[in-house]
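Read through the structure below, which is laid out as C-alpha coordinates, and then see the notes.
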Amino acid sequence: MIQGCENPQLDPHLRRAPRVSYRMAAAAAALDEPGTLAVFGFGTGAPRSDDPRWLRVELESFDAPVPLESWQIETEVSCGRDGELHWSAGGGWLFTAIELDEREHDGPEGAARHAYARLRDFVGGRAERHVLRIWNYIGAINCGAGDSERYKRFCHGRGAGMGTFFAQGFPAATAIGHHGPQHHLQVYLLACDRPGMRVENPRQVSAWHYPRQYGRTPPSFARAMSLPAQDALAISGTAAIVGHASTHQDDLDAQLDETLTNLEALLGSAGMATGFDTHSPLKVYVRQTGDAPHVREFVRRRLPGVPVLLLHGDICRRELLVEIDGWRYA
Ligand code: 3EB
(Lines give C-alpha, C1' and ligand atoms only; values in the text may rest on other atoms or scores of the structure.)
Protein backbone atom coordinates (compact mmCIF):
# COMPACT_ATOMS: atom_id res chain seq x y z
CA MET A 1 0.00 0.00 0.00
CA ILE A 2 1.22 3.45 -0.84
CA GLN A 3 1.36 5.51 2.27
CA GLY A 4 0.51 9.16 1.95
CA CYS A 5 -1.55 11.67 3.75
CA GLU A 6 -4.18 9.01 4.47
CA ASN A 7 -1.79 7.67 7.05
CA PRO A 8 -2.32 9.82 10.15
CA GLN A 9 1.23 9.16 11.30
CA LEU A 10 2.64 10.77 8.18
CA ASP A 11 0.25 13.69 7.83
CA PRO A 12 2.05 16.69 9.31
CA HIS A 13 -1.20 18.66 9.50
CA LEU A 14 -3.06 16.21 11.68
CA ARG A 15 -2.87 17.28 15.28
CA ARG A 16 -2.85 14.03 17.17
CA ALA A 17 -4.16 14.56 20.68
CA PRO A 18 -1.60 14.83 23.46
CA ARG A 19 -1.35 11.57 25.39
CA VAL A 20 -2.41 12.22 28.97
CA SER A 21 -1.33 9.70 31.56
CA TYR A 22 -0.77 9.26 35.28
CA ARG A 23 2.53 7.72 36.22
CA MET A 24 4.77 7.01 39.15
CA ALA A 25 7.91 8.90 38.28
CA ALA A 26 10.19 11.62 39.54
CA ALA A 27 9.29 15.04 38.16
CA ALA A 28 12.72 15.51 36.58
CA ALA A 29 12.54 12.14 34.81
CA ALA A 30 9.06 12.87 33.45
CA LEU A 31 10.18 16.30 32.22
CA ASP A 32 13.24 14.75 30.57
CA GLU A 33 11.18 12.46 28.36
CA PRO A 34 11.07 13.62 24.74
CA GLY A 35 7.81 15.26 23.69
CA THR A 36 6.76 16.25 27.20
CA LEU A 37 4.42 19.24 26.91
CA ALA A 38 3.44 19.46 30.60
CA VAL A 39 3.80 17.63 33.89
CA PHE A 40 1.59 18.11 36.96
CA GLY A 41 2.22 17.29 40.59
CA PHE A 42 -0.56 17.22 43.16
CA GLY A 43 -0.64 18.56 46.68
CA THR A 44 1.82 20.01 49.15
CA GLY A 45 4.14 17.01 48.84
CA ALA A 46 4.79 17.57 45.13
CA PRO A 47 8.19 19.02 44.26
CA ARG A 48 8.83 22.58 43.11
CA SER A 49 10.41 23.17 39.70
CA ASP A 50 11.23 26.23 37.60
CA ASP A 51 10.57 24.33 34.38
CA PRO A 52 7.77 26.25 32.58
CA ARG A 53 6.15 22.91 31.71
CA TRP A 54 5.72 22.01 35.39
CA LEU A 55 2.71 22.88 37.55
CA ARG A 56 2.10 21.88 41.15
CA VAL A 57 -1.68 21.76 41.54
CA GLU A 58 -3.13 22.74 44.93
CA LEU A 59 -5.22 19.58 45.25
CA GLU A 60 -4.28 16.72 47.53
CA SER A 61 -4.48 13.19 46.22
CA PHE A 62 -6.17 10.51 48.32
CA ASP A 63 -3.62 7.98 47.09
CA ALA A 64 -0.09 7.37 48.28
CA PRO A 65 2.30 7.45 46.61
CA VAL A 66 0.88 10.22 44.42
CA PRO A 67 1.35 9.86 40.66
CA LEU A 68 2.28 12.66 38.29
CA GLU A 69 0.18 13.61 35.30
CA SER A 70 2.06 13.90 32.03
CA TRP A 71 1.06 15.31 28.62
CA GLN A 72 3.08 13.89 25.73
CA ILE A 73 3.16 14.99 22.11
CA GLU A 74 5.07 13.62 19.13
CA THR A 75 7.25 16.62 18.33
CA GLU A 76 9.86 18.74 20.02
CA VAL A 77 8.68 21.14 22.69
CA SER A 78 9.78 24.70 23.37
CA CYS A 79 8.85 26.58 26.51
CA GLY A 80 9.21 29.86 28.32
CA ARG A 81 7.72 32.57 30.49
CA ASP A 82 5.79 35.68 29.57
CA GLY A 83 5.23 37.92 32.57
CA GLU A 84 3.02 35.96 34.97
CA LEU A 85 2.42 33.15 32.47
CA HIS A 86 4.46 30.08 31.78
CA TRP A 87 3.96 28.05 28.63
CA SER A 88 5.16 25.27 26.37
CA ALA A 89 4.43 24.53 22.74
CA GLY A 90 5.08 22.06 19.94
CA GLY A 91 3.40 20.43 16.97
CA GLY A 92 0.52 22.92 17.00
CA TRP A 93 -0.19 22.46 20.72
CA LEU A 94 0.12 25.01 23.52
CA PHE A 95 0.07 24.62 27.29
CA THR A 96 -0.21 27.83 29.34
CA ALA A 97 -0.61 28.37 33.08
CA ILE A 98 -1.08 31.38 35.34
CA GLU A 99 -1.06 31.50 39.12
CA LEU A 100 -2.19 34.59 40.98
CA ASP A 101 -2.46 35.88 44.52
CA GLU A 102 -6.03 37.13 44.76
CA ARG A 103 -4.98 39.70 47.35
CA GLU A 104 -3.16 41.56 44.60
CA HIS A 105 -6.36 41.66 42.54
CA ASP A 106 -8.97 42.55 45.13
CA GLY A 107 -10.37 39.02 45.49
CA PRO A 108 -11.55 36.16 43.29
CA GLU A 109 -13.42 38.33 40.81
CA GLY A 110 -10.50 40.63 40.04
CA ALA A 111 -8.06 37.71 39.99
CA ALA A 112 -10.20 35.75 37.52
CA ARG A 113 -10.64 38.83 35.34
CA HIS A 114 -6.89 39.41 35.31
CA ALA A 115 -6.02 35.73 34.71
CA TYR A 116 -8.38 35.44 31.76
CA ALA A 117 -7.37 38.79 30.26
CA ARG A 118 -3.69 37.76 30.41
CA LEU A 119 -4.42 34.29 28.98
CA ARG A 120 -6.60 35.73 26.23
CA ASP A 121 -3.94 38.28 25.24
CA PHE A 122 -1.20 35.66 25.20
CA VAL A 123 -3.09 32.95 23.34
CA GLY A 124 -4.60 35.50 20.92
CA GLY A 125 -1.11 36.45 19.79
CA ARG A 126 -0.08 32.89 18.97
CA ALA A 127 -0.81 30.43 16.19
CA GLU A 128 -2.33 28.06 18.81
CA ARG A 129 -5.26 30.38 19.48
CA HIS A 130 -8.02 27.77 19.77
CA VAL A 131 -8.44 27.15 23.47
CA LEU A 132 -9.86 23.66 23.83
CA ARG A 133 -9.73 22.93 27.55
CA ILE A 134 -9.24 25.00 30.75
CA TRP A 135 -8.79 23.99 34.40
CA ASN A 136 -9.51 26.41 37.28
CA TYR A 137 -8.49 25.65 40.87
CA ILE A 138 -9.86 28.13 43.39
CA GLY A 139 -9.44 28.36 47.18
CA ALA A 140 -12.46 28.25 49.52
CA ILE A 141 -14.75 28.03 46.51
CA ASN A 142 -18.02 27.80 48.48
CA CYS A 143 -17.27 30.63 50.93
CA GLY A 144 -19.79 33.45 50.95
CA ALA A 145 -23.55 33.57 50.40
CA GLY A 146 -25.64 34.18 47.29
CA ASP A 147 -23.92 36.27 44.62
CA SER A 148 -21.01 36.81 47.04
CA GLU A 149 -20.00 33.16 47.03
CA ARG A 150 -16.40 32.97 45.88
CA TYR A 151 -17.24 30.67 42.95
CA LYS A 152 -19.91 33.07 41.69
CA ARG A 153 -17.49 35.99 42.01
CA PHE A 154 -14.94 33.94 40.09
CA CYS A 155 -17.52 33.29 37.32
CA HIS A 156 -18.29 37.00 37.09
CA GLY A 157 -14.62 37.95 36.79
CA ARG A 158 -13.93 35.12 34.36
CA GLY A 159 -16.70 36.40 32.09
CA ALA A 160 -15.25 39.91 32.16
CA GLY A 161 -11.71 38.66 31.51
CA MET A 162 -12.84 36.50 28.59
CA GLY A 163 -14.38 39.53 26.91
CA THR A 164 -15.46 38.55 23.42
CA PHE A 165 -12.57 36.14 22.91
CA PHE A 166 -14.87 33.11 23.13
CA ALA A 167 -17.73 34.60 21.11
CA GLN A 168 -17.65 31.51 18.90
CA GLY A 169 -18.08 29.22 21.89
CA PHE A 170 -16.49 28.35 25.23
CA PRO A 171 -13.79 25.78 25.86
CA ALA A 172 -14.40 22.69 27.96
CA ALA A 173 -13.49 23.40 31.59
CA THR A 174 -13.20 22.37 35.20
CA ALA A 175 -13.62 24.65 38.22
CA ILE A 176 -12.84 23.01 41.56
CA GLY A 177 -12.11 24.28 45.05
CA HIS A 178 -8.73 23.51 46.60
CA HIS A 179 -7.67 23.44 50.24
CA GLY A 180 -4.35 25.21 49.78
CA PRO A 181 -3.80 28.89 50.56
CA GLN A 182 -7.20 30.51 49.98
CA HIS A 183 -5.82 33.37 47.87
CA HIS A 184 -4.01 31.12 45.39
CA LEU A 185 -5.81 30.98 42.01
CA GLN A 186 -4.50 28.49 39.45
CA VAL A 187 -5.66 28.46 35.81
CA TYR A 188 -4.12 26.43 33.00
CA LEU A 189 -5.18 25.48 29.51
CA LEU A 190 -4.57 23.42 26.40
CA ALA A 191 -4.85 25.21 23.05
CA CYS A 192 -4.22 24.21 19.44
CA ASP A 193 -3.71 25.87 16.07
CA ARG A 194 -6.80 23.98 14.88
CA PRO A 195 -10.28 24.30 16.34
CA GLY A 196 -12.01 21.48 18.18
CA MET A 197 -15.71 20.69 18.23
CA ARG A 198 -17.76 21.61 21.27
CA VAL A 199 -20.03 18.93 22.69
CA GLU A 200 -23.04 19.55 24.95
CA ASN A 201 -24.99 17.10 27.08
CA PRO A 202 -28.65 16.70 26.03
CA ARG A 203 -29.54 15.85 29.65
CA GLN A 204 -28.20 19.19 30.90
CA VAL A 205 -28.92 22.85 30.24
CA SER A 206 -25.79 24.37 28.72
CA ALA A 207 -23.96 26.09 31.56
CA TRP A 208 -23.98 29.50 29.89
CA HIS A 209 -27.80 29.28 29.89
CA TYR A 210 -28.11 28.53 33.63
CA PRO A 211 -30.83 30.72 35.18
CA ARG A 212 -30.08 33.74 37.38
CA GLN A 213 -30.12 31.78 40.66
CA TYR A 214 -26.62 30.45 39.87
CA GLY A 215 -25.04 33.90 39.81
CA ARG A 216 -24.80 37.18 37.90
CA THR A 217 -22.62 35.63 35.18
CA PRO A 218 -23.36 32.01 34.29
CA PRO A 219 -20.44 29.59 34.14
CA SER A 220 -18.75 29.91 30.73
CA PHE A 221 -17.76 26.44 29.58
CA ALA A 222 -18.71 23.69 27.12
CA ARG A 223 -19.52 20.22 28.48
CA ALA A 224 -16.76 18.63 26.38
CA MET A 225 -14.46 19.30 23.45
CA SER A 226 -13.67 16.91 20.64
CA LEU A 227 -10.03 17.51 19.71
CA PRO A 228 -9.10 18.63 16.17
CA ALA A 229 -8.28 15.16 14.79
CA GLN A 230 -11.36 13.79 16.60
CA ASP A 231 -9.11 11.28 18.27
CA ALA A 232 -9.97 12.32 21.83
CA LEU A 233 -12.72 13.93 23.84
CA ALA A 234 -11.74 16.37 26.58
CA ILE A 235 -14.49 16.06 29.19
CA SER A 236 -15.36 18.98 31.45
CA GLY A 237 -16.13 18.67 35.13
CA THR A 238 -19.27 16.53 35.23
CA ALA A 239 -21.53 16.13 38.23
CA ALA A 240 -25.02 15.00 39.23
CA ILE A 241 -26.79 17.86 37.47
CA VAL A 242 -29.88 17.22 35.35
CA GLY A 243 -31.39 20.15 33.48
CA HIS A 244 -29.81 22.87 35.58
CA ALA A 245 -30.63 21.33 38.96
CA SER A 246 -28.40 19.40 41.33
CA THR A 247 -29.87 15.99 42.07
CA HIS A 248 -29.58 13.40 44.88
CA GLN A 249 -28.62 15.71 47.72
CA ASP A 250 -26.80 13.78 50.51
CA ASP A 251 -26.76 10.57 48.45
CA LEU A 252 -23.21 9.85 47.32
CA ASP A 253 -23.99 6.65 45.40
CA ALA A 254 -26.88 8.23 43.53
CA GLN A 255 -24.70 11.25 42.64
CA LEU A 256 -21.99 8.91 41.35
CA ASP A 257 -24.56 7.00 39.26
CA GLU A 258 -26.00 10.22 37.83
CA THR A 259 -22.51 11.48 37.04
CA LEU A 260 -21.70 8.28 35.11
CA THR A 261 -24.99 8.64 33.23
CA ASN A 262 -23.98 12.20 32.29
CA LEU A 263 -20.53 11.01 31.17
CA GLU A 264 -22.12 8.35 28.96
CA ALA A 265 -24.53 10.95 27.54
CA LEU A 266 -21.51 13.07 26.59
CA LEU A 267 -19.81 10.15 24.84
CA GLY A 268 -23.04 9.51 22.93
CA SER A 269 -23.35 13.18 22.04
CA ALA A 270 -19.77 13.11 20.71
CA GLY A 271 -20.56 10.01 18.61
CA MET A 272 -18.20 7.83 20.64
CA ALA A 273 -18.67 4.26 21.82
CA THR A 274 -19.79 3.83 25.41
CA GLY A 275 -17.48 3.23 28.34
CA PHE A 276 -14.03 4.22 29.49
CA ASP A 277 -10.89 2.19 29.07
CA THR A 278 -7.41 1.60 30.39
CA HIS A 279 -5.78 4.51 28.58
CA SER A 280 -8.45 7.17 29.09
CA PRO A 281 -7.61 8.86 32.41
CA LEU A 282 -10.21 10.43 34.68
CA LYS A 283 -10.02 12.63 37.76
CA VAL A 284 -12.57 12.17 40.50
CA TYR A 285 -12.91 15.17 42.82
CA VAL A 286 -14.29 14.24 46.24
CA ARG A 287 -15.55 16.90 48.67
CA GLN A 288 -15.43 14.96 51.94
CA THR A 289 -12.29 13.08 52.92
CA GLY A 290 -14.41 10.40 54.58
CA ASP A 291 -16.10 9.60 51.26
CA ALA A 292 -12.84 8.75 49.49
CA PRO A 293 -12.71 4.99 50.30
CA HIS A 294 -16.30 4.54 49.17
CA VAL A 295 -15.68 6.47 45.94
CA ARG A 296 -12.53 4.43 45.29
CA GLU A 297 -14.54 1.23 45.66
CA PHE A 298 -17.29 2.56 43.36
CA VAL A 299 -14.69 3.43 40.72
CA ARG A 300 -13.06 -0.01 40.99
CA ARG A 301 -16.45 -1.65 40.43
CA ARG A 302 -17.95 0.63 37.77
CA LEU A 303 -14.84 1.84 35.91
CA PRO A 304 -12.59 -1.25 36.07
CA GLY A 305 -9.09 -0.69 34.76
CA VAL A 306 -9.63 3.03 34.16
CA PRO A 307 -6.74 5.19 35.38
CA VAL A 308 -8.35 7.38 38.04
CA LEU A 309 -6.80 10.09 40.16
CA LEU A 310 -8.81 10.60 43.34
CA LEU A 311 -8.43 14.21 44.50
CA HIS A 312 -9.70 16.20 47.47
CA GLY A 313 -11.65 19.01 45.85
CA ASP A 314 -14.77 21.03 46.53
CA ILE A 315 -17.43 21.05 43.85
CA CYS A 316 -18.72 24.52 42.96
CA ARG A 317 -22.22 23.78 44.30
CA ARG A 318 -22.11 22.89 47.97
CA GLU A 319 -24.74 20.13 47.68
CA LEU A 320 -22.58 18.22 45.21
CA LEU A 321 -20.26 15.64 46.76
CA VAL A 322 -18.37 14.45 43.71
CA GLU A 323 -17.37 15.50 40.19
CA ILE A 324 -15.51 13.70 37.40
CA ASP A 325 -13.53 15.03 34.44
CA GLY A 326 -10.94 13.61 32.08
CA TRP A 327 -10.23 12.18 28.68
CA ARG A 328 -11.67 9.58 26.39
CA TYR A 329 -9.51 8.53 23.44
CA ALA A 330 -11.27 7.32 20.31
C1 3EB B 1 -21.74 22.11 36.49
O2 3EB B 1 -22.05 21.23 35.68
C3 3EB B 1 -20.77 21.73 37.56
O4 3EB B 1 -17.31 26.89 36.11
O5 3EB B 1 -15.85 26.16 34.67
C6 3EB B 1 -18.28 22.02 35.91
C7 3EB B 1 -17.31 22.31 34.95
C8 3EB B 1 -18.73 23.02 36.74
C9 3EB B 1 -16.81 23.61 34.80
C10 3EB B 1 -16.78 25.98 35.46
C11 3EB B 1 -18.23 24.31 36.59
C12 3EB B 1 -17.29 24.60 35.62
O13 3EB B 1 -22.20 23.25 36.44
C14 3EB B 1 -19.74 22.75 37.80
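Being part of a loop (DSSP other than H, G, I, E, B), under 17 Å from residue 93 (Cα atoms) and open to solvent by less than 60 Å² (accessible area, probe 1.4 Å) is the filter here; which residues of segment 12-47 pass it? Scanning segment 12-47 gives 15, 17, 18, 35. Selection over segment 175-203 of residues that are of a type in the set (D, E, K, R) and open to solvent by less than 10 Å² (accessible area, probe 1.4 Å) gives a count of 0.
Hey, can you tell me all the residues within segment 80-99 that are touching a helix residue (DSSP H, G or I) at 6+ places or on another chain (Cβ under 9 Å) and open to solvent by 10 Å² or more (accessible area, probe 1.4 Å)? If the condition is that a residue be touching a helix residue (DSSP H, G or I) at 6+ places or on another chain (Cβ under 9 Å) and open to solvent by 10 Å² or more (accessible area, probe 1.4 Å), then 82, 83, 84, 87, 99 are the ones that fit. Residue 278 fulfils the conditions (1) within 15 Å of the ligand (Cβ to nearest atom); (2) at negative phi except for a single criterion, (1). Considering (1) farther than 30 Å from residue 148 by Cα; (2) open to solvent by less than 10 Å² (accessible area, probe 1.4 Å), the lone condition that residue 222 does not fulfil carries the number (1). Number of residues in segment 281-311 that are over 14 Å from the mean Cα position of the chain (by Cα) and under 20 Å from residue 248 (Cα atoms): the value is 15.
Yes/no matrix, rows are residues, columns are (1) within 14 Å of the ligand (Cβ to nearest atom); (2) in contact (Cβ under 8 Å) with a residue 24 or more places away in the chain:
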{"position": "197", "(1), (2)": "no, yes"}
{"position": "208", "(1), (2)": "yes, yes"}
{"position": "218", "(1), (2)": "yes, yes"}
{"position": "226", "(1), (2)": "no, yes"}
{"position": "230", "(1), (2)": "no, yes"}
{"position": "239", "(1), (2)": "yes, yes"}
{"position": "242", "(1), (2)": "yes, yes"}
{"position": "254", "(1), (2)": "no, no"}
{"position": "259", "(1), (2)": "yes, yes"}
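Per the listing 236, 206, the residue uniquely surrounded by 23 or more Cβ atoms within 10 Å (Cβ to Cβ) and closer than 23 Å to residue 132 by Cβ is 236. Within segment 1-54, the set of residues being more than 24 Å from residue 127 (Cβ to Cβ), among the β-branched types (Val, Ile, Thr) and at pLDDT 95 or above comprises 44 only.
Mind checking which pairs have a first residue in segment 154-167 that is open to solvent by less than 30 Å² (accessible area, probe 1.4 Å) and within 12 Å of the ligand (Cβ to nearest atom) and a second that is modelled with pLDDT of 95 or more and aromatic (Phe, Trp, Tyr), Cβ under 7 Å, 6 or more apart or different chains? So the pair list comes out as 158/116; 162/116. The single condition from (1) more than 15 Å from the ligand (Cβ to nearest atom); (2) part of a loop (DSSP other than H, G, I, E, B) that residue 248 fails is (1).
Can you tell me how many residues in segment 281-327 are more than 16 Å from the ligand (Cβ to nearest atom) and either in contact (Cβ under 8 Å) with a residue 24 or more places away in the chain or small (Gly, Ala, Ser) (or both)? I'd like the intermediate steps shown before the answer.
Narrowing segment 281-327 to residues more than 16 Å from the ligand (Cβ to nearest atom): 281, 288-310, 312.
This time we only want the ones that are either in contact (Cβ under 8 Å) with a residue 24 or more places away in the chain or small (Gly, Ala, Ser) (or both), so: 281, 288-292, 294-296, 298, 302-303, 305-310, 312.
So the answer is 19.
Checking each residue in segment 50-78 for being surrounded by fewer than 21 Cβ atoms within 10 Å (Cβ to Cβ), small (Gly, Ala, Ser) and closer than 25 Å to residue 192 by Cβ picks out only 78.
The values are calculated or read from the model by the stated rules, or taken from the named source; none is laboratory data. On a predicted model such as this, the values are computed, not experimentally measured, just so you know. Methodologically, a virtual Cβ is constructed for each residue, glycine included, from the backbone with ideal geometry; neighbour enumeration extends over all protein chains shown. Each accessible area value is taken on the protein alone, full model and side chains, heavy atoms only, with ligands, DNA and RNA left out. Shrake-Rupley method; radii C 1.70, N 1.55, O 1.52, S 1.80 Å.
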